[in-house]
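Peer 1: Mind having a look at this structure? Questions to follow.
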Amino acid sequence: MLRTLIGMLTPSSNTALEPVTSAMLAGLPNVSVHYGRFRVTEIALSSGALSQFDDREILAAAELLSHACCQVIGWNGTSAGWLGFEADERLCAAIARETGALACTSVLALNEALQATGVRRLGLVSPYRADVQAAIVRNYAASGIEVVAERHLGLQDNFSFSEVSAQEIRDMVRAVMTSHADGRPEAVAIFCTNLFGAPLVAELEAEFGVPVYDTVATVVWKALRLAGVDTRSLANWGRLFLA
């Protein structure tokens with residue numbers, strides 16, 4: 001039996017992406033996912049917080065995942081949102097060079113989905129601080145995508161993100177879909193891999209009729225595509241998986 005082995009680079013304080021990813025892949029018996037952690041405890045724009053995403057630490061975790069012969073290694077995190085998308089482009093090239101695996105990230109996969117569907121007006125939901133959220137908004141504006149409505153929770157401790165309730169996530173998505181001043185969002189991004197947003201995507205898409213892209217789901221989708229796995233059986237996790 002041929003196996004598909006996927007590696008996920010995981011922030012050390014993240015407790016959401018592993019159970020969510022494993023639940024997504026539970027119906028794919030020949031696919032398994034394996035996790036490598038590196039230190040991330042806070043999300044902020046301070047030098048200490050930004051240094052957590054030094055490529056050397058991430059590549060050390062990727063190298064360990066390569067021992068498990070993972071065909072694809074994904075960075076299951078959103079740091080390129082505030083660092084700049086080119087940070088993930090460099091990281092993917094480095095992972096491929098150092099491990100021989102195909103590489104993808106949550107943010108680059110999200111951007112691919114937005115481009116494929118022609119989204120130019122985005123709703124943005126995150127647990128982050130206002131300055132981090134503003135940096136994400138600026139990076140999307142520079143790429144030609146306007147964040148027309150956003151909600152954030154002002155949190156900094158990475159572990160705390162996983163304690164945000166499902167109802168809080170629903171409320172933030174509903175707020176960006178109903179309070180926009182510059183045109184209705186054409187899609188919503190739940191932008192954090194330590195939120196339990198992916199299990200809510202199908203219900204929110206049904207409610208609002210637009211794609212809802214969760215950043216745990218985007219990297220799972222892209223990793224499966226790179227591995228040559230048909231994602232249509234995961235359609236109950238959102239319309240992304242029909243692409």
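The values are calculated or read from the model by the stated rules, or taken from the named source; none is laboratory data. The structure presented is a predicted model; accordingly, all values stated were derived computationally and were not measured. A quick note on method: Cβ atoms are made from the backbone with ideal geometry, for glycine too, and the neighbour counts reach across all protein chains shown. Calculation scope for accessible area: heavy atoms of the full protein, side chains included, ligands and nucleic acids excluded. Shrake-Rupley method; radii C 1.70, N 1.55, O 1.52, S 1.80 Å.
Peer 1: Which members of segment 28-49 meet the condition of being touching a Leu at 6+ places or on another chain (Cβ under 7 Å) and open to solvent by 60 Å² or more (accessible area, probe 1.4 Å)?
Peer 2: Across segment 28-49, the qualifying residues are Asn30, His34.
Peer 1: Just one of Ser160, Ser165, Ser143 is under 16 Å from Glu42 (Cβ atoms) and among the hydroxyl-bearing types (Ser, Thr, Tyr); which is it? Full working, then the answer.
Peer 2: Numbers: Ser165 fails: under 16 Å from Glu42 (Cβ atoms); Ser143 fails: under 16 Å from Glu42 (Cβ atoms).
Ser160 is the lone residue from the list that is under 16 Å from Glu42 (Cβ atoms) and among the hydroxyl-bearing types (Ser, Thr, Tyr).
Peer 1: Among the residues of segment 146-179, what is the count of those that are assigned to a loop (DSSP other than H, G, I, E, B) and either in contact with a Lys or Arg (Cβ under 8 Å, 6 or more places away or on another chain) or of a type in the set (Phe, Trp, Tyr) (or both)?
Peer 2: Here is the first cut: in segment 146-179, the ones assigned to a loop (DSSP other than H, G, I, E, B) are 152-156, 162-165, 179.
Pick out the ones that are also either in contact with a Lys or Arg (Cβ under 8 Å, 6 or more places away or on another chain) or of a type in the set (Phe, Trp, Tyr) (or both) and you get 152, 154-156.
Residues meeting the conditions: 4.
A quick yes/no check of all residues on (1) at pLDDT 95 or above; (2) open to solvent by 10 Å² or more (accessible area, probe 1.4 Å); (3) part of a helix (DSSP H, G or I):
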| residue | (1), (2), (3) |
| --- | --- |
| Val188 | yes, no, no |
| Cys192 | yes, no, no |
| Val201 | yes, no, yes |
| Glu205 | yes, yes, yes |
| Val229 | yes, yes, no |
| Leu234 | yes, no, yes |
| Leu240 | yes, yes, yes |
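Peer 1: Taking the criterion of being buried (at least 23 other Cβ atoms within 10 Å of the Cβ), in contact (Cβ under 8 Å) with a residue 60 or more places away in the chain and closer than 15 Å to Leu110 by Cβ, would at least one residue in segment 147-161 satisfy it?
Peer 2: no
Peer 1: Output the number of the condition that Pro19 fails; it satisfies all remaining conditions of (1) without any contact (Cβ under 8 Å) to a residue 12 or more places away in the chain; (2) surrounded by 14 or more Cβ atoms within 10 Å (Cβ to Cβ); (3) under 19 Å from the mean Cα position of the chain (by Cα).
Peer 2: (2)
Peer 1: Here is a further query. With the condition being touching a strand residue (DSSP E or B) at 6+ places or on another chain (Cβ under 6 Å), I'd like the helices (runs of 4 or more DSSP H) fully within segment 40-98 carrying at least 3 qualifying residues. Walk me through how you get there before you give the answer.
Peer 2: Working: elements: 47-51, 55-66, 80-83.
Because the criterion is at least 3 residues that are touching a strand residue (DSSP E or B) at 6+ places or on another chain (Cβ under 6 Å), the helices (runs of 4 or more DSSP H) in segment 40-98 that meet it are 55-66.
Peer 1: List the residue pairs whose Cβ atoms are under 7 Å apart, where the first residue sits in segment 205-224 and is free of Cβ contacts under 8 Å to residues at least 60 places away in the same chain and within 13 Å of Arg239 (Cβ to Cβ), the second is of a type in the set (Lys, Arg) and open to solvent by 10 Å² or more (accessible area, probe 1.4 Å), and the two are 6 or more positions apart or on different chains.
Peer 2: As it stands, the answer is Glu205/Arg239, since those pairs meet every condition given.
Peer 1: Which condition does Asn76 not pass, out of (1) surrounded by fewer than 22 Cβ atoms within 10 Å (Cβ to Cβ); (2) touching a helix residue (DSSP H, G or I) at 6+ places or on another chain (Cβ under 6 Å), if it passes all the others?
Peer 2: Going through (1) surrounded by fewer than 22 Cβ atoms within 10 Å (Cβ to Cβ); (2) touching a helix residue (DSSP H, G or I) at 6+ places or on another chain (Cβ under 6 Å) one by one, Asn76 breaks only (1).
Peer 1: Moving on to the next point. Within segment 120-131, count every residue that is surrounded by fewer than 24 Cβ atoms within 10 Å (Cβ to Cβ), of a type outside the set (Lys, Arg) and either touching a Cys at 6+ places or on another chain (Cβ under 7 Å) or over 21 Å from Arg170 (Cα atoms) (or both).
Peer 2: Counting residues in segment 120-131 that are surrounded by fewer than 24 Cβ atoms within 10 Å (Cβ to Cβ), of a type outside the set (Lys, Arg) and either touching a Cys at 6+ places or on another chain (Cβ under 7 Å) or over 21 Å from Arg170 (Cα atoms) (or both) gives 1.
Peer 1: Test Arg138 against the stated conditions and say whether it is farther than 29 Å from Phe53 by Cα and surrounded by fewer than 17 Cβ atoms within 10 Å (Cβ to Cβ). Give the derivation first.
Peer 2: Working: farther than 29 Å from Phe53 by Cα: no; surrounded by fewer than 17 Cβ atoms within 10 Å (Cβ to Cβ): yes.
Criteria not met by Arg138.
Peer 1: Just to be sure before I move on: is Val216 part of a helix (DSSP H, G or I), hydrophobic (A, V, I, L, M, F, W, C) and either open to solvent by 30 Å² or more (accessible area, probe 1.4 Å) or closer than 18 Å to Val20 by Cβ (or both) in the structure I sent? I'd like the intermediate steps shown before the answer.
Peer 2: Details: part of a helix (DSSP H, G or I): yes; hydrophobic (A, V, I, L, M, F, W, C): yes; either open to solvent by 30 Å² or more (accessible area, probe 1.4 Å) or closer than 18 Å to Val20 by Cβ (or both): yes.
Spelling it out, Val216 is indeed part of a helix (DSSP H, G or I), hydrophobic (A, V, I, L, M, F, W, C) and either open to solvent by 30 Å² or more (accessible area, probe 1.4 Å) or closer than 18 Å to Val20 by Cβ (or both).
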